[in-house]
Amino acid sequence: MSGAVIPYQVRRSDRARRVRVSVDLERGVEVVLPRRAAEREAAAAIAELGPWIERRVAELERVRAAVAARGETVPYLGQPLRLVAQAGRTRVHRRGDALLVPTTDRRPALERWFRRTARDEIEARLDRACALTGGSYARLAIRGQRTRWGSCSPTGTLSFNWRLLLAPEPVLDYVVWHEVCHLEVLDHSPRFWGLVARRCPGYRDQVRWLRRYGATLVLT
């Protein structure tokens, strides 16, 4: 792609304080501009970040190929679930190793199912982890963050990305332990990582997996 014109779209945001460029499967190359920024700043950012954008686009092409290779299945905590279309269906329902899905526009229905199921899967793990540590959390939130797998607020609200259910089970377990450890230590100091190492031995393997394959945790 080197030297080629890079197509991109511009989105203005009242919250943006600087120009930001992102590349993902759903939106392609996007430039976020502060509301009053000049349009030319988008083109300047694309020109400046051209080599990085090209590498990201190439990486996402590999991700797209990996997702397409699933065929009519979706991963669920390390196991493939077959997608079986049923006429007239509007909600996704699991039956054994199959997911019964609508015949058309199934992606929104699949995401709703994963969000609902994520709450059950994660809540059970959180409760077990807190029982072992003697800790507690204030609230559980299931989100669809683009760049974060989990977070812990100072008030004890734990948020998790529903896409973690598309990862192998040990990856989800690690992220749960990561946030549970934040209930005791909010930063990423050596003390925090020491807690993670004791409570989730081998966590570094899961961190490496997320870095390498995290971009594949999408439905399409």
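The values are calculated or read from the model by the stated rules, or taken from the named source; none is laboratory data. A quick note: this is a predicted structure, and the numbers were derived from the prediction, not measured. Here Cβ is always computed from backbone atoms with ideal geometry, including for glycine, and neighbour counts include all displayed protein chains. Heads up: the accessible areas ignore ligands, DNA and RNA and are worked out on the full protein's heavy atoms, side chains in. Shrake-Rupley method; radii C 1.70, N 1.55, O 1.52, S 1.80 Å.
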Being modelled with pLDDT of 95 or more, open to solvent by 40 Å² or more (accessible area, probe 1.4 Å), aromatic (Phe, Trp, Tyr) and in contact with a Pro (Cβ under 8 Å, 6 or more places away or on another chain) is the requirement here; does Trp209 meet it? yes
Output yes when any residue across the range 119-131 is surrounded by fewer than 17 Cβ atoms within 10 Å (Cβ to Cβ), basic (Lys, Arg), touching a strand residue (DSSP E or B) at 6+ places or on another chain (Cβ under 6 Å) and assigned to a helix (DSSP H, G or I), and no when none is. yes
So which residues in the range 33-64 are more than 27 Å from Gly214 (Cβ to Cβ) and assigned to a loop (DSSP other than H, G, I, E, B)? Arg35, Arg36, Ala37, Ala38, Glu39
Counting only residues in the range 68-100 that are closer than 14 Å to Thr216 by Cβ and either among the basic types (Lys, Arg) or in contact with a Ser or Thr (Cβ under 6 Å, 6 or more places away or on another chain) (or both), the one modelled with the lowest pLDDT is identified as Arg70
Six or more apart or on different chains, Cβ atoms under 7 Å: show the pairs whose first residue is in the range 45-64 and among the small types (Gly, Ala, Ser) and whose second is open to solvent by 60 Å² or more (accessible area, probe 1.4 Å) and not in a helix (DSSP H, G or I). none
When the residues of the range 157-184 are filtered to those that are farther than 17 Å from Val207 by Cβ, in contact with a Lys or Arg (Cβ under 7 Å, 6 or more places away or on another chain) and not aromatic (Phe, Trp, Tyr), which remaining residue is most open to solvent (accessible area, probe 1.4 Å)? Thr157
Is there a residue being outside any helix (DSSP H, G or I), among the charged types (D, E, K, R) and either open to solvent by less than 40 Å² (accessible area, probe 1.4 Å) or in contact with a Pro (Cβ under 9 Å, 6 or more places away or on another chain) (or both) anywhere in the range 19-32? yes
Looking only at the range 155-182, and only at residues there that are aliphatic (A, V, I, L, M) and in a helix (DSSP H, G or I), the one that is farthest from the chain's Cα centre (by Cα): Val180
Any residue that is free of Cβ contacts under 8 Å to residues at least 12 places away in the same chain, more than 16 Å from Leu219 (Cα to Cα) and outside any helix (DSSP H, G or I) - is there at least one of those in the range 103-111? no
Tell me yes or no: at least one residue of the range 82-100 is in contact (Cβ under 8 Å) with a residue 24 or more places away in the chain and surrounded by fewer than 17 Cβ atoms within 10 Å (Cβ to Cβ). no
Pick out the one residue from Thr220, Thr147 that is of a type in the set (S, T, N, Q), free of Cβ contacts under 8 Å to residues at least 24 places away in the same chain, out of contact with any strand residue (DSSP E or B) (no Cβ under 8 Å at 6 or more places or on another chain) and not in a helix (DSSP H, G or I). Thr147
